[in-house]
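S.K.: One structure, as structure tokens, below. Some questions next.
The values are calculated or read from the model by the stated rules, or taken from the named source; none is laboratory data. This one's a predicted model, so the numbers in the text were calculated from it and none came from an experiment. Heads up, the Cβs are rebuilt from the backbone with ideal geometry, glycines too, and the neighbour counts pull from every protein chain shown. Ligands, DNA and RNA are excluded from the accessible area calculation, which covers all protein heavy atoms including side chains. Shrake-Rupley method; radii C 1.70, N 1.55, O 1.52, S 1.80 Å.
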Amino acid sequence: MEPRDLEKVLQPKLAEIRRYLIRLGAGASDAEDIVQDTVYKALLYLEAIDERKFSAWLYKVAINRYFDLCRRKKKFQYSEEVEVHPTPEHELPEAVLLRRERKEKIEEVLAGMIPANRQLILLKYEMELSYKEISAMLGITEGTVKATLYRARQQFKQLYGGEGE
């Protein structure tokens, strides 16, 4: 891969990986450190990485570094990146409050999930990756992704308590 092509591929992908790590539970500074380590390893092993699997390779390295960090800290942490969304003027305050409460409940449920299950839920529903992309990224079969994702959805439903929609 040419250096100019590498920069075009890396910039948006690294921002995406950083957001994903924060959603997994990494603090912003930890996510930055992990992304920097991932770039370093990518540059180190650039010649050995299959160009078609470069994105999956980046995610895999970042995820592994995140779980290494979690093991060192002996616990999984959860923090969220604050997002500010302007509310339409015609929206009722009650609707805004209900949406915010639902989002907080979902975040709370995600924080209480088994980390591997949370990871799959985020990859599938927030990042909108296919089963094939997830299996390539995590190095597991599509069948394993489907089965584990089913269990992850069951855990989410159990923790959410069947509330809401």
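S.K.: Mind checking which pairs have a first residue in segment 18-33 that is farther than 9 Å from ALA62 by Cβ and a second that is open to solvent by less than 30 Å² (accessible area, probe 1.4 Å) and among the polar types (S, T, N, Q), Cβ under 9 Å, 6 or more apart or different chains?
M.R.: Listed by first residue and then by second, the contacts come to LEU24/GLN119.
S.K.: Where residues in segment 116-165 are out of contact with any Ser or Thr (no Cβ under 9 Å at 6 or more places or on another chain), assigned to a helix (DSSP H, G or I) and of a type in the set (S, T, N, Q), which of them is nearest to LYS60 (Cα to Cα)?
M.R.: Only one residue tops the list, namely GLN119.
S.K.: Would you please name the residue that is modelled with the lowest pLDDT, looking only at residues in segment 31-61 that are acidic (Asp, Glu) and out of contact with any Lys or Arg (no Cβ under 9 Å at 6 or more places or on another chain)?
M.R.: Pass one, segment 31-61, residues acidic (Asp, Glu): 32-33, 37, 47, 50-51.
If we keep only those that are out of contact with any Lys or Arg (no Cβ under 9 Å at 6 or more places or on another chain) too, we end up with 47, 50-51.
Values: GLU47: 84, ASP50: 83, GLU51: 80.
Within segment 31-61, the match that is modelled with the lowest pLDDT is GLU51.
S.K.: Any residue at all in segment 103-125 that is of a type in the set (Phe, Trp, Tyr) and at pLDDT 85 or above? Reasoning before the result, please.
M.R.: Step one: filter segment 103-125 for residues of a type in the set (Phe, Trp, Tyr), giving 125.
Restricting the remaining residues to those that are at pLDDT 85 or above gives 125.
Checking segment 103-125: at least one residue is of a type in the set (Phe, Trp, Tyr) and at pLDDT 85 or above.
S.K.: Considering only residues that are within 15 Å of ARG19 (Cβ to Cβ) and in contact (Cβ under 8 Å) with a residue 40 or more places away in the chain, look in segment 124-137 and name the one that is least open to solvent (accessible area, probe 1.4 Å).
M.R.: Here is the first cut: in segment 124-137, the residues within 15 Å of ARG19 (Cβ to Cβ) are 125-129.
Subset that is in contact (Cβ under 8 Å) with a residue 40 or more places away in the chain: 126-127.
Working: GLU126: 88, MET127: 43 Å².
Residue satisfying both the conditions and the ranking: MET127.
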